[in-house]
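Please treat every number below as a calculation from the coordinates, not as lab data. Bear in mind that the values here come from a model prediction, so they are computed numbers and not experimental data. Ideal geometry is used to build each Cβ from the backbone, glycine not excepted, and the neighbour counts take in all protein chains shown.
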Amino acid sequence: MSSSSSSTSLKFKSCPRKDIRSKPKEKIREEISENMEALDDRFEFDPEECNVASGKWVYNSSAKPLYTDESCPYIDRQFSCMKNGRPETDYLRWEWQPDDCTIPRFNPKLAMNKLRGKRLLFVGDSLQRSQWESFVCLVESIIPEGEKSMERSKKYFVFKAKEYNATIEFYWAPFIVESNTDLPVILDMKKRIVKVDSVEDRAKFWEGADILVFNTYVWWMSGLRMKALWGSFGNGERGAEALDTPVAYRLGLKTWANWVDSTVDPNKTRVFFTTMSPTHSRSADWGKPNGTKCFNETKPVKDKRFWGTGSNKQMMKVVSSVVKHMTTHVTVINITQLSEYRIDAHTSVYTETGGKMLTAEQRANPMQNADCPITQQLIAVTKEVVEFYIYTNKSGKRKIETSHKFHRVSILLLFPHKESGIMAGGNFFGRVFTYLANEVIVNGLANSHAFQRFAVRTSKRIENISKMAAENKEKVAQHLEEISQNMDSFKKPR
């Protein structure tokens with residue numbers, strides 16, 4: 001899901017031209033892989049190349065989860081589906097595939113190098129808490145036991161990676177602004193009051209962070225109206241006014257926006273806002289009128305147009321409107337649509353409530369007890385979101401205007417799968433890719449920023465060329481000749 005530190009730009013030594021035919025294939029592949037990892041570290045997001053919010057979930061039976069609730073010691077028992085007895089694990093093997101690009105596998109070392117000397121802070125509700133937990137779980141395995149620690153209080157949680165002088169933090173603020181129900185939680189929603197004009201008391205914990213990631217949504221959705229208060233809670237409900245929920249939400253977000261604009265230094269800190277996480281409590285939404293909410297769902301919805309009743313577009317428009325008028329640039333990460341499809345990605349009855357595990361009797365009544373908001377974001381979703389946080393935090397670089405779009409060079413450029421359309425030209429295209437990988441990457445061009453930009457543009461172009469191969473060989477040869485000439489220009493001394 002980046003830093004401005006110069007340590008994130010890996011330095012390469014120039015390599016003399018070599019006869020790659022004398023090297024074993026495995027040695028060549030290792031060299032390409034090492035250079036590709038370094039290249040990956042230097043790529044910036046290009047908002048014009050890929051809309052990560054548009055895509056589909058693809059099942060990968062051979063996928064190895066980056067972590068599980070059994071391998072990571074930091075996941076709350078409430079979200080530990082496997083520990084709590086979920087019988088199937090297919091939900092771990094669905095990978096998000098954007099329509100316009102390929103997302104490389106998450107690299108924890110690369111992520112931590114980008115966080116070196118920095119603070120990453122998540123602020124919000126249980127969705128943010130699980131995003132924070134997931135981020136910690138994605139990277140903690142590469143940090144030696146004596147070089148990491150966890151500090152927890154009622155509202156504030158800090159994971160420290162001493163080797164990297166970095167922290168990954170979470171602050172509990174379900175409304176972002178103050179309320180009378182943060183802790184302890186008031187179960188009677190009619191008694192909840194939001195102090196829509198105040199954020200200062202909690203914001204002192206947020207100051208100085210290098211990456212700030214906010215969210216707030218589900219706690220606002222307790223009814224059509226929300227009690228809002230200006231001033232002190234000292235007089236209880238006196239002075240509180242019931243407002244339409246979108247109105248109260250807008251007032252609260254404006255208070256947050258004012259704090260960001262007046263306090264955050266955009267030259268030091270990147271600010272993100274994560275859109276709402278959907279609920280799946282009405283199985284009729286996905287064509288199962290006799291279903292039991294999300295209980296026993298094991299596959300995502302395939303209809304790309306699917307939008308359930310658990311996501312309020314009016315509230316999303318409020319976020320867009322508030323952010324649009326801010327003076328500080330805020331990157332809005334649209335996780336809503338890709339999460340909408342994951343009706344299988346809930347703790348369901350494999351959870352706890354009130355600090356206690358559901359009993360067998362409670363599990364037998366999923367209509368009453370199944371937990372169907374996506375409170376724990378999926379590993380695959382979290383990986384993509386985490387990469388977005390990491391790779392877009394480049395202080396001093398160009399501002400990213402389109403919030404939910406990014407581009408990463410396709411791994412297929414170097415290692416195309418035999419089944420993919422890119423290999424439609426058979427052995428001929430295999431030789432083309434060998435040339436690209438070994439003559440270009442291994443021989444030192446990875447050190448050229450200009451080449452990196454060229455490679456991003458070329459990966460898509462080569463895909464298009466492969467599709468034309470069977471139809472017009474002459475055009476293919478012409479396009480490949482142009483690419484070859486362009487690459488030759490990078491080899492010339494500058």
message: Against the 2.2 N^0.38 Å scaling, with N counting residues, where does the stretch 205-314 land? I'd like the Cα-based Rg ratio to two decimal places.
response: 1.43
- request: Would you work out the charge dipole size for the stretch 55-392 about its Cα centre, treating the Cβ of every Lys and Arg as +1 and the Cβ of every Asp and Glu as -1, and quote it to the nearest 20 debye?
  value: 280 debye
task: Quickly rank 212-219, 115-122, 201-208, 91-98 as a protection proxy: mean count of other C-beta atoms within 10 Å, highest first.
output: 212-219, 115-122, 91-98, 201-208
field: Which listed pairs, of K254/K288; K160/K204; K195/K313; K56/K227, have C-alpha distances above 30 Å, in listed order
entry: K254/K288; K56/K227
